[in-house]
Amino acid sequence: MTVAFMSRLSAPSAPLKHAWEHTVGSGRALVALRADWQAQLRRCHDELGFRHVRFHALLADEMGTLVSHQKEPLYSFFNADRIWDFLLSIGMRPFVELGFMPDILASGRQTVFQYRSNVTPPADYEAWAGLIRRLVGHWVERYGIAEVRQWFFEVWNEPNLPMFWTGTQDDYFTLYRHTAQAIKGIDGSLRIGGPATAMTAWIDELLDYCEQHRLPVDFISTHIYPTDPLGFEGADTEELLANSPRDLLRDRARFVRDHARDRPVYFTEWNISSNQRNPYRDGPFAAAYAAKCALETDPFVDGYSFWTFTDIFDEEAFPSIPFHGGFGLLNLYGVPKPVYRTFQLLHRLGSERLPVEGTHETVDAWVVRNGRTITVLLTNHAQPRHAIVTQHVEIRLTDASVPLTASIERIDEDHANPRRRWREMGKPEYPSHSQVEQLEEASRLVKEPLDLFYEAGTIRFDVDLPPHAVVAVTLTFVPEPSDAGGVA
């Protein structure tokens with residue numbers, strides 16, 4: 001049976017904001033000083049368009065921001081500055097997550113992850129506020145207020161989970177109050193937000209608290225994973241995904257938009273699961289799922305930060321296997337996974353989304369205009385243990401002129417899939433330089449010509465879409481004088 005979609009190219013368009021390009025996630029601050037981390041981020045910025053980066057543990061003792069030295073507080077902002085210097089040099093900016101707790105300020109000893117960041121509330125909230133005032137004031141002095149006004153300051157990470165915050169909800173709101181007052185005391189235009197919660201929690205509660213105490217909330221930030229509640233290494237991620245509604249992330253983005261009280265909404269973490277080791281991330285499943293999520297949530301969010309851009313990531317242990325199911329778009333060696341290629345296709349899309357008629361239980365279609373180019377992006381996605389087969393898809397574009405060129409690019413088991421090539425090599429744990437080059441070659445998008453039919457203002461073409469696939473069909477046109485800048 002053929003799956004049919006139709007789009008009228010003369011129809012009014014809706015904006016496509018590319019919210020997924022606003023910010024991308026990483027692991028922790030210390031790894032941002034590594035040369036390979038910086039090289040991978042530069043590539044992501046250049047090829048995928050990411051503009052901000054967010055990570056944990058900026059204030060952890062390993063960064064040296066505030067430590068006890070000979071029983072006296074010792075401040076050093078050198079390491080943080082080196083990271084910001086690099087970001088600004090490549091045209092990116094920080095989405096600053098203010099955490100975790102320096103040991104010298106902490107009220108307890110509980111830590112998270114193998115790098116042992118303290119997750120307890122401050123013993124003295126005024127001392128915490130003093131650190132924030134001194135740190136942010138230093139950045140304003142070093143980089144200028146015009147620059148720092150373009151950053152985002154987010155208070156903590158997932159305080160609704162005991163592994164990240166041992167205090168209560170009221171304790172978090174107290175932390176938020178002291179942080180907001182410290183930052184706004186430097187300059188009222190600096191942006192502060194939260195609650196940075198898992199599972200889109202505490203949004204109404206934070207806004208109620210801030211309205212009651214006349215505190216600023218410049219933006220709402222929160223997190224979502226389709227396998228929430230929080231997964232963990234060894235969890236049955238396949239079962240969690242199988243039970244996760246196919247449109248969960250779109251529906252939660254709409255929920256947060258409806259509850260944000262007209263404030264900008266930034267999802268500062270999402271991925272196809274929260275399990276640190278998930279083999280679905282290394283293959284085409286993640287590519288198709290991520291494309292669908294990014295495009296479906298775009299109308300409801302201002303930023304949608306994929307967690308993370310790289311497998312250089314060591315919350316539990318530093319990996320060595322090139323394809324180990326890590327969070328990253330790039331693997332340890334900087335080889336793009338299929339999901340990286342999805343973000344590359346998304347980056348090329350224009351900013352005018354045209355309406356599409358047609359529905360299917362596993363296939364979705366988007367039509368996007370970019371000047372004289374039309375892209376039809378198709379996905380074939382189903383959660384694990386749900387039926388999915390190759391679909392024959394027919395696309396009709398009406399009110400169209402004759403296209404100059406038509407090409408197709410594919411991501412699926414047989415295209416842009418370096419893990420398949422790695423398995424054919426025998427799964428080397430430490431691939432040679434030559435093998436890494438082969439994996440890079442296997443990851444590339446290949447543009448091929450596409451046959452299509454044109455008659456009486458209608459373009460028609462057919463595509464076979466395997467399970468867990470992404471297809472981008474790109475048509476280019478010569479504008480006609482009557483088009484007034486359009487292509488159809």
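The values are calculated or read from the model by the stated rules, or taken from the named source; none is laboratory data. A quick note: this is a predicted structure, and the numbers were derived from the prediction, not measured. Neighbour counts run over all protein chains shown; Cβ positions are idealised from the backbone, glycine included. With ligands, DNA and RNA removed, areas are computed over all heavy atoms of the protein, side chains included. Shrake-Rupley method; radii C 1.70, N 1.55, O 1.52, S 1.80 Å.
What are the pairs, 6+ residues apart or on separate chains, where a residue within the stretch 145-161 that is more than 14 Å from Trp84 (Cα to Cα) has its Cβ under 8 Å from a residue that is among the aliphatic types (A, V, I, L, M) and open to solvent by 30 Å² or more (accessible area, probe 1.4 Å)?
Pairs found: Asn160/Met199; Leu161/Leu230.
One residue is enough: does the stretch 106-120 have a residue meeting the conditions of a type outside the set (A, V, I, L, M), open to solvent by less than 10 Å² (accessible area, probe 1.4 Å) and assigned to a strand (DSSP E or B)?
Yes; the residues of the stretch 106-120 include at least one that is of a type outside the set (A, V, I, L, M), open to solvent by less than 10 Å² (accessible area, probe 1.4 Å) and assigned to a strand (DSSP E or B).
Would you check if Leu346 is assigned to a helix (DSSP H, G or I) and among the hydrophobic types (A, V, I, L, M, F, W, C)?
Working: assigned to a helix (DSSP H, G or I): yes; among the hydrophobic types (A, V, I, L, M, F, W, C): yes.
For Leu346, the condition - assigned to a helix (DSSP H, G or I) and among the hydrophobic types (A, V, I, L, M, F, W, C) - is met.
Only one of Ser434, Ser482 is of a type outside the set (Val, Ile, Thr), in a helix (DSSP H, G or I) and modelled with pLDDT under 95. Can you tell me which?
Ser482
Working only within the stretch 369-399, note down all residues that are over 20 Å from Gly457 (Cβ atoms) and buried (at least 17 other Cβ atoms within 10 Å of the Cβ).
Leu377, Leu378, Thr379, Asn380, His381, Ala382, Gln383, Ile388, Gln391, Val393
Determine whether the stretch 278-298 contains at least one residue that is open to solvent by 10 Å² or more (accessible area, probe 1.4 Å) and closer than 19 Å to Glu21 by Cα.
yes
Would you check if there is a residue in the stretch 59-77 being within 23 Å of Thr222 (Cα to Cα) and among the aliphatic types (A, V, I, L, M)?
So in the stretch 59-77, the residues within 23 Å of Thr222 (Cα to Cα) come out as 59-60.
Pick out the ones that are also among the aliphatic types (A, V, I, L, M) and you get 59-60.
Yes, the stretch 59-77 contains a residue that is within 23 Å of Thr222 (Cα to Cα) and among the aliphatic types (A, V, I, L, M).
Name the strands (runs of 3 or more DSSP E) wholly within the stretch 1-101 that hold at least 1 residues that are touching a residue at least 24 places away in the same chain (Cβ under 8 Å) and closer than 26 Å to Thr342 by Cα?
Numbers: elements: 2-8, 23-28, 52-56, 66-69, 72-75, 93-98.
Correct list: 2-8, 23-28, 52-56, 93-98.
What's the number of the only condition in (1) in contact with a helix residue (DSSP H, G or I) (Cβ under 9 Å, 6 or more places away or on another chain); (2) of a type outside the set (Val, Ile, Thr); (3) in contact (Cβ under 8 Å) with a residue 24 or more places away in the chain; (4) closer than 29 Å to Gly194 by Cβ that Asp258 fails to meet?
All conditions are met except number (3).
Just to check your reading of the model, which residue among Val470, Val402 is within 25 Å of Thr373 (Cα to Cα), β-branched (Val, Ile, Thr) and either surrounded by fewer than 14 Cβ atoms within 10 Å (Cβ to Cβ) or modelled with pLDDT under 95 (or both)? Quick ask: steps written out before the conclusion?
Numbers: Val470 fails: either surrounded by fewer than 14 Cβ atoms within 10 Å (Cβ to Cβ) or modelled with pLDDT under 95 (or both).
Val402 is the lone residue from the list that is within 25 Å of Thr373 (Cα to Cα), β-branched (Val, Ile, Thr) and either surrounded by fewer than 14 Cβ atoms within 10 Å (Cβ to Cβ) or modelled with pLDDT under 95 (or both).
Look at the stretch 350-359 and say how many of its residues are under 26 Å from the mean Cα position of the chain (by Cα) and either open to solvent by 10 Å² or more (accessible area, probe 1.4 Å) or over 30 Å from Asn331 (Cα atoms) (or both). Talk me through it step by step, then tell me what you get.
Of all residues in the stretch 350-359, those under 26 Å from the mean Cα position of the chain (by Cα) come to 350-356.
From what is left, the residues that are either open to solvent by 10 Å² or more (accessible area, probe 1.4 Å) or over 30 Å from Asn331 (Cα atoms) (or both) are 351-356.
Residues in the stretch 350-359 being under 26 Å from the mean Cα position of the chain (by Cα) and either open to solvent by 10 Å² or more (accessible area, probe 1.4 Å) or over 30 Å from Asn331 (Cα atoms) (or both): 6 in total.
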